[in-house]
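The values are calculated or read from the model by the stated rules, or taken from the named source; none is laboratory data. Here the structure is a predicted model, which is why all the values come from computation and not from measurement. Positions of Cβ are generated from backbone atoms using ideal geometry, with glycine treated the same way; all protein chains shown enter the neighbour counts.
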Amino acid sequence: VSDVDLEPIGGVAPFDPTAPLTPSGNLRRRLIVSGISQGVAGVAAAIAVAALLLVTVEVIARGAGVISWSFLTTNASQFGVGGGIGSAIIGSALIVGCGAVIAIPLGVLCAIYLAEFAGPRSHMAKLLRTALDMTQGLPTVVIGLFVFGLFSGKPSGFAGSVALSMIMLPLIARTSQEVLRTIPSSLREASDALGVDRWRSILGVILPAAMGGIATGTILAIARAAGETAPLLIVDGIYNASKTTINIFGHGVPNIPLSIYEAAESPTPDALARVWGTALVLLALILIANIAARLLLARSRRRMGL
Amino acid sequence: MSVWAQLRPRAGTRGPSLEVSRGDLILRGLCLGAGGLVLAALVGLVYEIVHGAAPAFDKYGLAFLGHTTWAPNFSHFGAAAMLYGTAVTSALALLIATPLSIGIGLFLAMLAPKPVRTVVGPLVEMLAAIPSVILGFFGIIVFAPFIAGHVEKPLHDILGWTGLFGTPQQTGLSMFTASLILATMIVPIVAALSRDLFLSVPSELKDGAEALGATRWEVIRGVVIPTTLPGVFSAVMLGLGRALGEALAVSLTIGGGTVIYANLYQTGDTLAARIATEINYIVNPMHRHALYYLALILLVIGVVTNLLARLIARRYTAGRV
């Protein structure tokens with residue numbers, strides 16, 4: 001009864017057609033509660049956006065002054081004071097690139113198996129899906145520790161690549177599988193009807209159609225791996241940043257995330273400014289990769305007419 | 001040779017085929033090989049962590065979990081302080097992040113007008129892309145001093161009686177700051193997942209409720225939240241997994257203490273942070289085994305939360321179909 005808007009008995013006002021249609025009583029209370037809750041949700045979204053802007057603006061404001069051609073191309077000086085991040089940029093590119101070279105084929109193959117070969121009740125597929133989920137959920141330090149043991153505790157850039165590939169692989173496999181699912185089955189049927197072998201229609205028809213989505217997932221995975229620090233600290237934590245190195249095997253390789261981490265508690269404002277500069281380089285690369293991935297996805301969606 | 005010449009009768013590719021081409025076999029083999037490698041890596045990882053932890057487990061047993069001293073030079077190892085730090089920071093981060101993420105999810109799925117949605121949605125997801133080391137660095141230089149200067153004292157005045165928000169400290173490097181940084185990391189993950197869940201609620205349910213005169217909030221509380229609750233819970237579990245395993249953003253902002261404090265403004269340490277910071281500075285073999293033991297604890301907690309999340313998500317989807 002209390003949910004119904006009734007005027008108190010006895011005090012029924014005569015109907016007034018000119019009275020404004022404003023909710024009163026219980027309905028008014030309900031609308032106020034609803035309004036407040038919507039406001040709170042809006043504030044929550046605003047907080048998240050503010051956090052993103054705050055960090056980004058702060059990194060740009062404090063780091064932009066340091067960025068120069070020589071900062072990006074020269075190496076850190078021998079004794080850790082001054083110098084640029086040239087060797088770290090090259091090292092990071094090599095470590096992440098090598099990790100991607102390992103992870104992309106494996107991830108895409110896993111996705112093809114799950115989406116194209118495995119039947120709906122395949123035990124292997126179930127197992128593989130669980131394994132991918134588990135790997136994705138693993139704390140990155142645990143992955144780092146595993147690779148640390150795999151390389152008997154010897155720091156090397158390649159060990160970093162292996163650790164990063166374990167982080168990228170489930171992400172790539174997951175998104176590729178989702179994309180392969182969205183490929184219309186009419187493509188497969190048309191291919192089958194023409195008597196094309198399975199492997200040919202997968203490599204020649206299905207994969208090309210899914211390329212945009214797979215590329216998006218891959219870029220996002222690489223961007224995620226590029227910022228990973230904990231596994232690199234564990235398997236590639238000792239290096240000489242004053243020397244550029246192309247060979248990532250057998251010895252530690254300088255990289256961007258660790259340059260930030262190792263110098264994060266520097267005492268001098270000068271050194272800190274360089275850390276902000278390094279952070280700006282990393283953040284810019286990652287955000288640009290994210291935006292590019294988004295645009296790519298939008299484009300391939302448009303082309304597929306979704 | 002024309003295309004037609006290559007045509008040959010074949011049994012349906014999904015059914016039993018009399019003739020399987022070599023290319024099919026090779027590609028299938030490659031795919032299975034890749035899958036096998038993933039499985040092998042996971043098994044190898046578990047084996048190695050268990051194997052590395054075994055000596056420490058033999059020596060300290062489960063009492064390891066209850067000991068508070070961690071003194072590598074004297075071969076005294078106990079995980080209690082790190083367990084405490086992990087539990088407190090993760091719990092606090094979840095406590096902050098869960099309502100915030102659900103609010104964001106609702107805003108993006110139901111409340112925001114389309115132009116706002118298409119801008120804010122990607123921005124929230126972008127927050128997840130910020131590397132943890134940058135968040136940690138931001139935390140140490142900008143956020144921690146702000147917390148120490150402007151937040152600790154007022155919160156202490158209001159909530160000091162709980163004992164959690166005790167005497168304000170100087171640096172701001174504390175479990176409290178680390179929790180806030182962790183919350184920043186898991187909000188975008190949980191928000192994006194719960195937005196997708198809220199979008200998946202059948203519109204007939206929502207429209208039905210609105211047709212019965214429910215306000216927006218009543219639709220949310222009476223229809224949207226109840227139908228998606230298990231999914232949201234499993235999203236929160238995934239966020240928890242992320243919070244438990246995060247090492248460096250925490251190690252930078254938590255202050256690296258070894259003592260258990262009730263006061264959140266004090267320093268602490270977590271399992272993941274301790275592993276990442278000490279593994280390259282091992283003083284004796286048992287030190288390494290103890291760190292592997294910490295990783296084993298982390299692995300077990302991680303697997304349990306992951307399984308829980310999957311179980312609930314599966315029951316949820318099974319119940320819906």
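In the stretch B:103-124, how many residues are part of a helix (DSSP H, G or I) and within 8 Å of chain A (Cβ to nearest Cβ)?
Looking only at that region, the number is 10.
How do the pairs read when you match residues in the stretch A:20-43 that are among the charged types (D, E, K, R) with residues anywhere that are surrounded by 14 or more Cβ atoms within 10 Å (Cβ to Cβ), using Cβ under 9 Å and keeping only pairs 6 or more apart or on different chains?
Close Cβ pairs (under 9 Å, with a partner that is surrounded by 14 or more Cβ atoms within 10 Å (Cβ to Cβ)) amount to A:Arg30/B:Ala214; A:Arg30/B:Thr215; A:Arg30/B:Trp217; A:Arg30/B:Glu218.
Of all the residues that make up the stretch A:219-271, how many are out of contact with any helix residue (DSSP H, G or I) (no Cβ under 7 Å at 6 or more places or on another chain) and part of a helix (DSSP H, G or I)?
Total meeting the criteria: 3.
Would you be able to say whether some residue in the stretch A:238-246 is in contact with a strand residue (DSSP E or B) (Cβ under 8 Å, 6 or more places away or on another chain) and surrounded by fewer than 24 Cβ atoms within 10 Å (Cβ to Cβ)?
yes
Would the stretch B:69-77 turn up any residue that is of a type in the set (Ser, Thr, Tyr) and surrounded by 18 or more Cβ atoms within 10 Å (Cβ to Cβ)?
The answer is no, given that none of the residues of the stretch B:69-77 is of a type in the set (Ser, Thr, Tyr) and surrounded by 18 or more Cβ atoms within 10 Å (Cβ to Cβ).
Return the only residue of A:Gly250, A:Gly213 being more than 10 Å from chain B (Cβ to nearest Cβ), on the phi > 0 side of the Ramachandran plot and not aromatic (Phe, Trp, Tyr).
A:Gly250
Each row is one residue, and each column tells you yes or no for (1) farther than 26 Å from B:Arg242 by Cβ; (2) away from chain B (no Cβ under 13 Å); (3) modelled with pLDDT under 90.
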site: A:Thr56; (1), (2), (3): no, no, no
site: A:Phe71; (1), (2), (3): yes, yes, yes
site: A:Ile89; (1), (2), (3): yes, yes, no
site: A:Ser92; (1), (2), (3): no, no, no
site: A:Glu116; (1), (2), (3): yes, no, yes
site: A:Pro120; (1), (2), (3): yes, no, yes
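Give the residue that is farthest from the chain's Cα centre (by Cα), with candidates limited to residues of the stretch B:175-196 that are crowded, with 22+ Cβ neighbours inside 10 Å and farther than 30 Å from B:Ile141 by Cα.
Among those residues, the one meeting the criterion is B:Arg195.
Say we look at the stretch B:126-171 and pick out the residues that are of a type in the set (S, T, N, Q) and either outside any helix (DSSP H, G or I) or touching a Phe, Trp or Tyr at 6+ places or on another chain (Cβ under 8 Å) (or both); which of these is farthest from the other protein chains (Cβ to nearest Cβ)?
Looking at the filtered set, the residue picked out is B:Thr167.
Among (1) assigned to a loop (DSSP other than H, G, I, E, B); (2) facing chain B (nearest Cβ under 7 Å), which single condition is A:Thr22 missing?
(2)
Starting from the stretch A:160-186, keep only residues that are under 27 Å from A:Arg303 (Cβ atoms), then list their pairs with residues that are in a loop (DSSP other than H, G, I, E, B) whose Cβ atoms are within a distance under 8 Å, requiring at least 6 positions of separation or different chains.
Correct list of pairs: A:Thr182/A:Leu306.
Can you tell me which of (1) in contact with a Pro (Cβ under 9 Å, 6 or more places away or on another chain); (2) within 21 Å of A:Ala230 (Cβ to Cβ); (3) more than 9 Å from chain A (Cβ to nearest Cβ); (4) not hydrophobic (A, V, I, L, M, F, W, C) is the one B:Ser174 doesn't meet?
(1)
Please find, among A:Gly137, A:Gly107, the residue that is at the interface with chain B (Cβ under 7 Å from one of its Cβ atoms), of a type in the set (Gly, Ala, Ser) and within 17 Å of the chain's Cα centre (by Cα).
A:Gly137
Which condition from (1) modelled with pLDDT under 90; (2) under 30 Å from the mean Cα position of the chain (by Cα); (3) surrounded by fewer than 24 Cβ atoms within 10 Å (Cβ to Cβ) is the one that B:Trp217 breaks?
Here B:Trp217 clears every test but (1).
Considering only residues that are part of a helix (DSSP H, G or I) and among the β-branched types (Val, Ile, Thr), look in the stretch B:236-258 and name the one that is farthest from the other protein chains (Cβ to nearest Cβ).
B:Val236
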